[in-house]
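The values are calculated or read from the model by the stated rules, or taken from the named source; none is laboratory data. This one's a predicted model, so the numbers in the text were calculated from it and none came from an experiment. Heads up, the Cβs are rebuilt from the backbone with ideal geometry, glycines too, and the neighbour counts pull from every protein chain shown. For the accessible areas, the whole protein counts, side chains as well, though only heavy atoms, and no ligand, DNA or RNA atoms are used. Shrake-Rupley method; radii C 1.70, N 1.55, O 1.52, S 1.80 Å.
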Amino acid sequence: MRIDLHAHSNISDGTQRPAELVAAAAKARLDVVALTDHDTTDGWAEARAAAKDHGVGLIPGMEISCKTSLGISVHLLCYLHDPANPALLEEITKAKVARLSRAERMVERLAEDYPLNWDDVSAHVAPGATVGRPHIADALVAAGIVGDRNEAFASILTSHSRYFVSHYAPDPVHAVELVRAAGGVPVFAHPLASARGRVVAPGIFHDMIDAGLLGLEVEHRDNPPEGRAWLRRLAQETGLFMTGSSDYHGAGKPNLLGENLTTPGALDRILAQGTGSAPFLP
Ligand code: AMP
Ligand code: FE
Ligand code: FE
Ligand code: ZN
């Protein structure tokens with residue numbers, strides 16, 4: 001079984017429509033793919049229809065951007081939650097709205113030094129999609145200022161950049177509680193991705209586990225080898241399941257569908273504990 005539980009469409013910062021992503025999953029010989037757009041479930045219906053067409057399993061999911069009290073970024077994947085759950089929906093809507101004004105403010109700052117305006121950025125955002133720095137990167141690429149998204153993130157768009165603006169994001173412990181209350185299965189995404197910024201201390205892992213965290217995304221290209229060993233030990237000690245995933249973003253990142261895989265046993269844990277929405281399994 002080839003199972004990849006982390007992929008983005010253009011409903012957030014991927015470059016393919018949800019149906020195109022599912023077609024790509026079929027082409028990559030995946031048996032099961034999860035759609036995990038940032039802070040939105042708006043791609044689920046299209047992905048589900050495409051999954052039926054292609055005979056690929058679909059786990060509806062989402063990736064919630066969170067921030068600790070120290071300002072450290074945490075990404076929380078969740079699977080099979082109820083997309084209409086009011087408390088969770090309110091929180092991600094708040095984040096999505098904040099992301100838009102944050103991106104506009106970043107573009108205002110950038111416009112002081114670069115020939116870039118909001119229209120240039122919004123040209124890269126699908127209608128209603130969750131806006132993020134990758135869309136600003138796409139506009140910088142189109143303007144010939146950088147060569148690709150990665151170069152933009154390595155320079156102009158890093159969190160240390162003078163153009164960077166942060167946005168509202170829920171606390172990760174609270175987000176775990178919200179996901180569980182919505183019948184979803186929370187999994188800590190790329191927990192030790194130190195190249196992206198500071199990572200959380202062990203105490204935050206334990207706070208999230210106490211709040212109901214169920215899994216750790218261990219096999220992810222951004223987790224360094226020593227970090228993966230530590231995560232495996234933590235999973236063993238605490239009874240969490242482990243996942244492996246690509247974090248595919250279409251042409252937006254080098255990550256390829258199926259470059260890391262999740263075991264059928266871990267998928268079974270997700271299917272057993274996710275009660276807020278239905279998977280499609282052919
Ligand atoms: P934001 O959500 O606006 O803070 O932007 C973070 C998003 O940018 C993450 O979801 C990543 O997928 C994406 N990202 C981070 N680093 C890179 C990179 N080096 N190249 C392409 N995309 C990136
Ligand atoms: Fe992303
Ligand atoms: Fe992420
Ligand atoms: Zn992701």
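Structural remarks
- Condition check for Thr262: part of a strand (DSSP E or B) and polar (S, T, N, Q): no
- Selection within region 167-204 - farther than 22 Å from Asn255 by Cβ and within 16 Å of ligand 2 (Cβ to nearest atom): His167, Ala169
- Applying the condition of being closer than 16 Å to Leu256 by Cβ and assigned to a helix (DSSP H, G or I) to region 1-21 and asking which residue is nearest to ligand 2 (Cβ to nearest atom) yields Leu21.
- Among residues of region 63-97, those that are aliphatic (A, V, I, L, M), buried (at least 18 other Cβ atoms within 10 Å of the Cβ) and within 15 Å of ligand 1 (Cβ to nearest atom), counted: 6
- Count - residues of region 29-57 that are part of a strand (DSSP E or B) and within 15 Å of Gly184 (Cβ to Cβ): 2
- With respect to (1) open to solvent by less than 70 Å² (accessible area, probe 1.4 Å); (2) touching a strand residue (DSSP E or B) at 6+ places or on another chain (Cβ under 9 Å), the lone exception for Gly203 is condition (2).
- Qualifying residue in region 241-259 (condition: more than 16 Å from ligand 1 (Cβ to nearest atom), part of a loop (DSSP other than H, G, I, E, B) and touching a residue at least 60 places away in the same chain (Cβ under 8 Å)): yes
- Looking across Ala266, Ala211, one residue alone is touching an Asp or Glu at 6+ places or on another chain (Cβ under 6 Å) and over 30 Å from Val141 (Cα atoms). It is Ala211.
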